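Everything on this sheet refers to the single structure shown next.
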Amino acid sequence: MPLVVRGVPELIIFLMIMAANYLIMYLVVSSVLNNSGLKSKIDHLQNEVLDLKKILNENKKNKPDDTNKN
């Protein structure tokens with residue numbers, strides 16, 4: 001007589017259904033993002049943020065250190 005914990009097969013089936021639902025939702029959302037043009041807008045905004053970070057770092061390096069003039 002095999003020792004089977006009650007509810008394990010149901011738990012496995014439930015987890016498989018949840019994984020399938022997650023995969024379907026991921027595929028739908030990714031296809032919507034690719035088809036709607038939001039992906040290109042997001043990439044454009046990410047590039048703008050990187051450019052702003054570079055500018056801020058350059059200004060920080062070029063700015064004279066006035067904190068020690070006491």
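The values are calculated or read from the model by the stated rules, or taken from the named source; none is laboratory data. Bear in mind the structure is a predicted one, so any value in this text is a computation, not a measurement. The protein model used for the area step is the full one, side chains on, heavy atoms only, and it has no ligands, DNA or RNA in it. Shrake-Rupley method; radii C 1.70, N 1.55, O 1.52, S 1.80 Å.
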Residue check, E48 against (1) open to solvent by 100 Å² or more (accessible area, probe 1.4 Å); (2) modelled with pLDDT of 95 or more; (3) charged (D, E, K, R), all met but one. Which one?
(1)
Selection within the range 9-41 - open to solvent by less than 90 Å² (accessible area, probe 1.4 Å), in a helix (DSSP H, G or I) and not aliphatic (A, V, I, L, M)
P9, N21, S30, S31, S36, S40
